[in-house]
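Right, one structure below, let's go through it.
The values are calculated or read from the model by the stated rules, or taken from the named source; none is laboratory data. Small disclaimer: the values here were computed from a predicted structure and weren't measured. Please note: Cβ atoms are built from the backbone with ideal geometry, for glycine as well, and neighbour counts cover all protein chains shown.
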Amino acid sequence: MNKIHPMRLAVVAGLLLLVLLLALLARHLWLSYRAARPVAPQEQAVPVRREAVLYFAHPEGTGLIAEARDLPQCTELEVCLTQLVEALIAGPRGNLVPLFPPRTVVRSVQVAEGIATVDFSRELAADHPGGSMTELLTVYALADTLAVNYPHVRQVRIMLEGQPVETLKGHIDLRNPVAADFRYTQSPESLAPANSQELN
């Protein structure tokens with residue numbers, strides 16, 4: 001029986017080692033190519049939205065009118081309430097009248113025992129136009145909007161820059177939480193087609 005020459009055995013082993021190294025190099029180059037290749041953008045999912053009800057002033061300043069609005073879906077109550085208040089500040093999309101100064105910022109919203117404490121920036125009072133009816137509608141637009149969307153939130157406490165506030169412009173007592181009161185709401189049918197007068 002012929003023995004394999006040691007030189008031939010070494011050559012075969014060398015070739016096998018070379019093939020293995022080339023295979024490893026090819027795999028490394030392929031993985032590097034895949035990592036560097038731009039990935040085609042995936043189709044973005046359409047965000048889930050929820051329908052909310054917001055209250056703004058009647059153009060004649062006689063009460064509050066509901067306006068439906070689609071807002072981003074949310075899971076945390078404080079986040080949901082913050083979105084509602086920010087939508088109130090952003091104002092209506094129809095011919096209703098906004099009640100919050102546009103520079104107002106929602107600093108925080110906290111809920112405990114059915115009371116939502118909303119902390120606003122100082123612009124809510126500083127930029128508010130005043131007037132007893134306008135001030136009343138501002139407060140109840142907030143309280144009613146929160147309650148109609150989240151019925152277990154029955155009262156709202158307004159704060160400014162983290163501090164309790166007695167009133168916005170001297171007309172509505174805010175020393176205690178204000179309960180939602182839908183007596184100030186009106187039906188959309190009460191809107192005059194072309195009336196866009198502002199509140200005094």
(request) Just name the residue that is farthest from the chain's Cα centre (by Cα) out of those in region 109-144 that are surrounded by fewer than 16 Cβ atoms within 10 Å (Cβ to Cβ) and in a loop (DSSP other than H, G, I, E, B). (result) Gly131
(message) Please go through (1) among the hydrophobic types (A, V, I, L, M, F, W, C); (2) in a strand (DSSP E or B); (3) in contact (Cβ under 8 Å) with a residue 60 or more places away in the chain for Leu71 and return the number of the only condition it doesn't satisfy.
(response) (3)
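Condition (residue is assigned to a helix (DSSP H, G or I) and touching a residue at least 60 places away in the same chain (Cβ under 8 Å)) applied to region 174-184: is it met by at least one residue? Quick ask: steps written out before the conclusion?
Here is the first cut: in region 174-184, the ones assigned to a helix (DSSP H, G or I) are 182-184.
Imposing the further condition that a residue be touching a residue at least 60 places away in the same chain (Cβ under 8 Å) reduces the set to 184.
Yes: region 174-184 contains one or more residues that are assigned to a helix (DSSP H, G or I) and touching a residue at least 60 places away in the same chain (Cβ under 8 Å).
With the condition kept exactly as written, say whether any residue in region 51-73 is under 23 Å from Ala125 (Cα atoms), at pLDDT 70 or above, touching a strand residue (DSSP E or B) at 6+ places or on another chain (Cβ under 8 Å) and among the acidic types (Asp, Glu).
Looking for residues that are under 23 Å from Ala125 (Cα atoms), at pLDDT 70 or above, touching a strand residue (DSSP E or B) at 6+ places or on another chain (Cβ under 8 Å) and among the acidic types (Asp, Glu), one finds none in region 51-73, hence no.
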(request) Can you work out which of the residues in region 152-200 that are of a type in the set (Ser, Thr, Tyr) and surrounded by fewer than 16 Cβ atoms within 10 Å (Cβ to Cβ) is modelled with the lowest pLDDT? (result) Ser196
(message) Filter region 45-89 down to the residues that are loosely packed, with under 12 Cβ neighbours inside 10 Å and under 30 Å from Ser132 (Cβ atoms) and list them by number.
(response) Ala68
(request) Tell me which residues, restricted to region 90-108, are surrounded by 16 or more Cβ atoms within 10 Å (Cβ to Cβ) and in contact with a Gly (Cβ under 8 Å, 6 or more places away or on another chain). (result) Val97, Pro98, Phe100
(message) Regarding region 99-116, can at least one residue be identified that is under 22 Å from Pro188 (Cβ atoms), of a type in the set (A, V, I, L, M, F, W, C), in contact with a strand residue (DSSP E or B) (Cβ under 9 Å, 6 or more places away or on another chain) and touching a residue at least 24 places away in the same chain (Cβ under 8 Å)?
(response) yes
(request) Return yes when Val148 is closer than 18 Å to Tyr55 by Cα, surrounded by fewer than 19 Cβ atoms within 10 Å (Cβ to Cβ) and modelled with pLDDT of 95 or more and no when it is not. (result) yes
